[in-house]
Every structure is written in C-alpha cells, then in structure tokens.
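A.B. asks: Let me begin by handing over the structure; questions about it come next.
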Amino acid sequence: MTTSRNTVQRREVIGVLGQVQGFVSAQDLHTLIEREGGHIALATVYTQLKKLATSGEVDVIMTDRGESLYRRCVVESHHHHLSCRQCGATVEVDAPELEKWSLEIGSHFGYGELRHVVEFTGICASCQPT
C-alpha cells in the first residue's frame, strides 16, 4: 500500500470520510467537509479520493447510474462488496473462489500482476417486499 503526502486536504478528506457511515459521493463528501468548516475545492476532493482509492485506503463502488461512491476501508486486504441498490447497505465479501478463478483466467491468457474489481448488487433483506 503506497502512501501519499499528508496534506491538509488529504487530512480533511480522510477525517470527514471516516465519520460517514457507508458510501458517499465526492460531491456529498465535499458538502460535508464545507459544513465542518473545511475549505477544499471539489476537484481536490476528487483528486484525493482517487489517490486514496489507488493506495487502497478507501473502497470504491459504482452505482447503477455510473457514479463512484467512497468509504474508508474496514478490511485492509483485497475484498469485494455486496451492495443494496435501494438503501445502499453494503457488506464486505471474501471470495477466495473468485480470486482463484481470476488468477486462472489471467494465466490462461498469459497475464500476470492481475488486478480486478468485482461489484455485486442486489436488494437486501430489509428492502425486499415481505
């Protein structure tokens, strides 16, 4: 995991992101930072989130609308998420079979140093009609 310079902007993003329950968009995070008295440009929030995602310090999921949502990682190792499309509830999924399969696919085609992102979405038990 690489680390970045510990700038004021980075600390603001990490600090507020650490207070948020669940995933949040860059725009919503920017609004929360400003509400707490922080002064940071929206473009800087995006830049910091991208760096934090690259270093593995934040999780990123993509909504059905193509929007990226972010949260502080709860699990430090590689993992996947199962997210509710209605309420946004998210659980972290350990999927060793998926990891094995991705390595087999890469090997089959002669690829090494594989990285992948897999997102599972559905409707959680609380949101399903009874």
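The values are calculated or read from the model by the stated rules, or taken from the named source; none is laboratory data. Quick caveat, the model's predicted, so the values are computed rather than measured. Please note: Cβ atoms are built from the backbone with ideal geometry, for glycine as well, and neighbour counts cover all protein chains shown.
A.B. asks: Report whether or not V74 is among the β-branched types (V, I, T), within 20 Å of T90 (Cα to Cα) and at pLDDT below 90.
C.D. replies: On the way: among the β-branched types (V, I, T): yes; within 20 Å of T90 (Cα to Cα): yes; at pLDDT below 90: yes.
Yes; evaluated as a whole, the condition is true for this residue.
A.B. asks: Here's something else I'd like to know. Could you list, in sequence order, the residues of the stretch 41-53 that are in a helix (DSSP H, G or I) and out of contact with any His (no Cβ under 7 Å at 6 or more places or on another chain)? Explain how you work it out, then say what you get.
C.D. replies: Of all residues in the stretch 41-53, those in a helix (DSSP H, G or I) come to 42-53.
A43, T44, Y46, T47, Q48, L49, K50, K51, L52, A53, listed by residue number.
A.B. asks: Can you pull out the residues in the stretch 12-40 that are in contact with a strand residue (DSSP E or B) (Cβ under 7 Å, 6 or more places away or on another chain) and either outside any helix (DSSP H, G or I) or among the β-branched types (V, I, T) (or both)?
C.D. replies: Hits for the stretch 12-40 are G18, V20, G22, F23, V24, S25.
A.B. asks: May I ask you to verify whether L42 is under 15 Å from the mean Cα position of the chain (by Cα), at pLDDT 85 or above and hydrophobic (A, V, I, L, M, F, W, C)?
C.D. replies: Numbers: under 15 Å from the mean Cα position of the chain (by Cα): no; at pLDDT 85 or above: yes; hydrophobic (A, V, I, L, M, F, W, C): yes.
It is false that L42 is under 15 Å from the mean Cα position of the chain (by Cα), at pLDDT 85 or above and hydrophobic (A, V, I, L, M, F, W, C).
A.B. asks: Report the residue count in the stretch 59-80 for those that are within 19 Å of V20 (Cα to Cα) and part of a strand (DSSP E or B).
C.D. replies: Residues that pass the stated criteria total 9.
A.B. asks: Do we find a residue being surrounded by 16 or more Cβ atoms within 10 Å (Cβ to Cβ) and within 19 Å of T7 (Cα to Cα) anywhere in the stretch 54-69?
C.D. replies: yes
A.B. asks: Right, something else. Which of the residues belonging to the stretch 81-130 are assigned to a loop (DSSP other than H, G, I, E, B), over 20 Å from the mean Cα position of the chain (by Cα) and either loosely packed, with under 10 Cβ neighbours inside 10 Å or hydroxyl-bearing (S, T, Y) (or both)? Can you show your working first?
C.D. replies: Here is the first cut: in the stretch 81-130, the ones assigned to a loop (DSSP other than H, G, I, E, B) are 85-89, 94-95, 109-118, 123-130.
Among the residues that remain, those that are also over 20 Å from the mean Cα position of the chain (by Cα) are: 109-113, 125-130.
Answer for the stretch 81-130, where residues must be assigned to a loop (DSSP other than H, G, I, E, B), over 20 Å from the mean Cα position of the chain (by Cα) and either loosely packed, with under 10 Cβ neighbours inside 10 Å or hydroxyl-bearing (S, T, Y) (or both): F109, G110, Y111, G112, E113, A125, S126, P129, T130.
A.B. asks: Scan the stretch 30-87 residue by residue and report those that are in contact with a Cys (Cβ under 7 Å, 6 or more places away or on another chain), of a type in the set (A, V, I, L, M, F, W, C) and not assigned by TED's automatic domain parsing to the domain that holds G18.
C.D. replies: If the condition is that a residue be in contact with a Cys (Cβ under 7 Å, 6 or more places away or on another chain), of a type in the set (A, V, I, L, M, F, W, C) and not assigned by TED's automatic domain parsing to the domain that holds G18, then C84, C87 are the ones that fit.
A.B. asks: Restricting attention to the stretch 26-41, and to residues there that are touching an Asp or Glu at 6+ places or on another chain (Cβ under 6 Å) and touching a residue at least 24 places away in the same chain (Cβ under 8 Å), which single residue is nearest to L69 (Cα to Cα)? So that I can check it myself, show each step before the final result.
C.D. replies: Step one: of the stretch 26-41, the residues touching an Asp or Glu at 6+ places or on another chain (Cβ under 6 Å) are 33, 38, 40.
So of that shortlist, the ones also touching a residue at least 24 places away in the same chain (Cβ under 8 Å) come out as 38, 40.
On the way: G38: 20, I40: 19 Å.
Among them, the one singled out is I40.
A.B. asks: Out of R5, R10, I need the residue that is basic (K, R), over 30 Å from A125 (Cβ atoms) and loosely packed, with under 12 Cβ neighbours inside 10 Å. Which one? So that I can check it myself, show each step before the final result.
C.D. replies: Numbers: R10 fails: loosely packed, with under 12 Cβ neighbours inside 10 Å.
The unique qualifying residue is R5.
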